[in-house]
Structure formats: structure tokens, C-alpha cells
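Working notes, beginning with the structure itself.
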Amino acid sequence: MDINQFTAAMTARGFVTDGKLFCGVYEGYPLSVTYLKGSSGGKTTFSMEAMFEQKVPRKMFKQVRQRTRGYSATQRGSAAAGSGMVAAGAVAGGALGAAIAMNSTQNSALPQCFSITSTVQDFEPAFDGLVACTVAVAREFGLMVPALCPICRQPGCDSYAYYGGAYRPVHGHCVQTDSYRQQEKVQLNEATGSYGTGVIGAVLGGVVGALPTVLLIVFLNVISAWLCALIPLGAYFGYKLLRGRLSGPVPLLSVILVSLLMVPVTEYLSYAFIFLREIGYFLTPADYLTLFQEYAADMIVELGKTLLFVGLGVVIVFGIIRRGNSHTWQQASFSAATLRPMNPPMAGPAAPPPCRPKHRPHTKEV
Ligand SMILES: [Zn+2]
């Protein structure tokens with residue numbers, strides 16, 4: 001199935017979508033389905049996720065695996081476990097294969113179904129069967145849908161919405177308020193944010209981020225390369241603090257450039273302070289260069305170590321920056337777009353207290 005056929009099949013089941021992610025409710029269990037790949041008249045790959053109140057027991061994973069084998073022509077299954085993630089597959093050359101991966105450290109189940117059927121008519125019953133199976137097993141294991149609204153942490157949810165990476169019960173007014181605030185924040189940043197002040201902030205932040213490394217050498221005589229990971233983080237927070245505009249490539253580029261610039265500066269200052277303490281002489285940058293030429297091999301290794309940890313910091317910052325203005329806007333719009341009233345509402349206070357949105361990590365620009 002291609003994305004259009006898939007979308008048609010999902011909307012026919014009452015799922016709402018933003019393109020590749022589909023949200024719907026099956027027998028009281030909110031589910032999100034992600035279309036991964038597929039072709040017209042060929043194999044379709046998607047993942048499905050449900051969030052529960054409780055941790056998903058590993059036994060349930062086994063159960064789902066066994067039951068979904070019915071969708072595979074052969075009875076072959078495989079399982080692998082590692083770092084809290086359990087995955088199994090029962091994919092074979094039959095009409096439909098199903099595989100389930102479940103992260104038992106989080107309250108979510110993620111079954112994956114691989115359809116190798118060629119017609120939409122074959123896909124639809126298989127999809128329905130897989131959903132029914134998964135929900136039935138979840139019910140047998142007593143897994144409940146989260147009762148608290150993720151925004152205000154109060155019970156009495158009256159709607160469903162995609163929030164914090166899952167389709168889940170929420171207060172309708174909480175999601176509306178939160179989406180509005182997030183979008184307002186983005187608009188403010190777009191209107192008043194400046195690349196100029198951001199870059200200045202990144203430079204200052206990079207200096208602050210390098211301080212722990214230098215101070216540790218000055219006061220404790222400890223050289224710690226991993227502290228250098230703080231340089232890119234400092235640069236990013238500096239960029240944000242001085243109201244840098246959070247869109248386009250400028251935020252990440254300034255973080256990378258400032259970090260690269262700070263590496264030799266940090267190295268130089270470290271050596272300068274070591275010399276000052278040991279022989280009472282403060283190295284000039286020229287001295288440092290002479291020293292560098294003399295002990296190039298050792299000092300390049302040092303620089304390499306520092307760069308490695310700076311790189312680590314950049315990777316972390318990249319993860320945060322990816323959630324820039326357009327991402328925040330999208331998330332907020334999608335939360336609002338997937339908002340559906342729940343009938344009947346969950347038990348809770350008749351009139352829930354007004355929500356004070358606490359921005360959740362996925363929408364928050366840290
Ligand atoms: Zn709420």
C-alpha cells in the first residue's frame with residue numbers, strides 16, 4: 001500500500017493524521033500508528049504504539065507475539081532482548097507477518113506489522129486483527145490507559161490528543177492552552193529573535209561552558225576531557241538566552257563554530273595555568289605554539305580527546321536544536337489537530353482545576 005491507500009484505510013477507521021502519523025482509539029485504547037514504508041500493491045510497513053499507565057510486562061510481549069502469529073503463514077518466530085528493549089518477529093513468506101517490539105522500561109507497546117499482501121482488501125482485515133489482538137492482550141494483562149492529563153497532572157480527562165510522543169487522554173482545554181502558548185512562543189521568537197544577539201550569546205556561552213574544564217585544572221589539578229562536552233551546551237544556552245532566533249541553520253552552525261574555536265583556547269588556558277602553578281610563568285599564546293610544535297604528537301592526542309567530547313556535546317545540542325521553531329510549531333499544531341472529545345469522560349473531579357501548562361520536554365525548547 002502506498003501512503004494514499006494507507007491514509008484512506010486509516011481515515012476510514014476514524015484515525016486522524018498529519019501525514020505519516022495516525023491517531024485513533026480502539027475500544028478505549030488510544031493508539032498511534034506510523035506509516036514507515038510501502039508501495040502501491042506491495043508490502044506495507046508500519047509501527048503501532050499505545051501508552052499504558054503501567055509498565056508493560058515482558059510476558060505480555062510473548063502473548064502478543066504468539067497471538068499475532070496467526071497473521072503469519074508460518075509459525076516461525078524470533079526474539080531478541082537487550083538494553084530494556086525486547087523485539088520479536090514472526091515474519092515469513094505468508095500472507096502477513098507480524099513483529100512486535102516492546103520497550104519494557106517505558107509504558108508503551110510497539111507492535112510492528114509487515115504486510116506483504118498485494119491488495120488493500122487483504123491488508124485491512126489483517127490490520128484490524130492485529131489491533132484487536134494487541135488490545136485484547138493489553139486488557140487481559142490489566143493494562144490501563146494513563147488516567148492523568150500529561151499537562152496538568154490531574155485526573156478527569158475529557159479528550160484524546162497526541163502529546164509527549166503518544167496518543168493519550170488529556171483535558172481538552174489543557175491541550176488548547178498549551179498549543180496556543182507554544183505557538184505564541186514560536187511567533188515571539190520569530191518576531192523578536194535575532195541571529196546577531198544569538199551568535200554573541202553563543203560565544204559568551206561557549207566561554208562559560210569552558211570554565212569548568214579550566215577551573216578544574218587551576219584548583220584541583222585535574223584534567224578532564226569529558227567536561228568539554230559542556231562547551232557546546234554552554235554555547236547553545238547562551239544563544240537561547242540572548243534571544244537568538246531558533247530557526248534555520250544559524251543556531252547549530254554558531255554552536256559548532258564556537259565549540260571548535262573554544263577547543264584550542266581551552267587547551268591553551270589549561271597549559272597556561274599548569275605552567276603558572278608549577279613554575280610561576282604564564283604562557284603566552286606564542287609560547288603555547290612553540291610548545292605545540294615540540295610535543296605535537298602528545299598534544300594532538302590531547303586535542304583529539306577534547307574534540308571527541310566536544311563532538312558529543314554537539315550531538316546533544318543537535319538533538320535539542322532539531323526541535324527548533326518549526327518542530328515546536330508542528331508539535332503544537334498536531335496536538336491541537338488530534339484533539340478529540342472522549343465519550344464518556346474519565347472519572348475525576350467534575351470540574352477539573354484550570355490547567356497551568358507545564359511544558360513537556362518534546363515541545364519545550366530547552
Ligand atoms: Zn489537564
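The values are calculated or read from the model by the stated rules, or taken from the named source; none is laboratory data. In this text the structure is predicted, and so the values were computed from the model without any measurement. Cβ placement follows ideal geometry from the backbone for every residue including glycine, while neighbour counts extend to all protein chains displayed. Heavy atoms of the whole protein, side chains included, go into the accessibility calculation; ligands, DNA and RNA do not. Shrake-Rupley method; radii C 1.70, N 1.55, O 1.52, S 1.80 Å.
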Inset, instruction - Based on a Kirkwood Rh over C-alpha pairs, give the Stokes-Einstein translational diffusion coefficient of region 205-271 at 37 °C and viscosity 0.692 mPa s in µm²/s. - result: 271 µm²/s
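Roughly how many percent of the accessible protein surface of region 236-284 is carbon and sulfur, given a 1.4 Å probe and a whole-percent answer?
Answer for region 236-284 is 77 percent, counting heavy atoms of protein chains only.
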Legend entry - Reach of Lys240 by Cα under 12 Å, taken over aspartates and glutamates that are not fewer than 8 positions away in the same chain: Glu365
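Given just the C-alpha atoms of region 187-326, how large is their convex hull per residue in cubic angstrom?
On the way: hull volume 14.1 nm³, N = 140.
It comes to 100 Å³ per residue, whole-number rounded.
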Legend entry - Separation of the Ala136 and Ser40 label points, Cα + 7 Å toward Cβ, nm: 3.5 nm
Legend entry - Cα convex hull of region 179-239 - mean projected area over all directions, nm²: 5.2 nm²
Inset, instruction - Could you tell me which of rounded, prolate or oblate describes region 119-177, using a ≥ b ≥ c as the square roots of the eigenvalues of the alpha-carbon gyration tensor, with rounded for a/c under 1.5 and, failing that, prolate when a/b is larger than b/c and oblate otherwise? - result: oblate
Legend entry - Gap separating the Cα centres of region 290-329 and region 191-233, nearest whole Å: 11 Å
Inset, instruction - Rounded to whole Å and sorted largest first, list the principal axis extents of the Cα atoms in region 241-309. - result: 47, 25, 19
Inset, instruction - Go through Lys185/Lys305; Lys20/Lys305; Lys20/Lys62 and tell me which ones have a Cα-Cα distance over 30 Å in this structure. - result: Lys185/Lys305; Lys20/Lys305
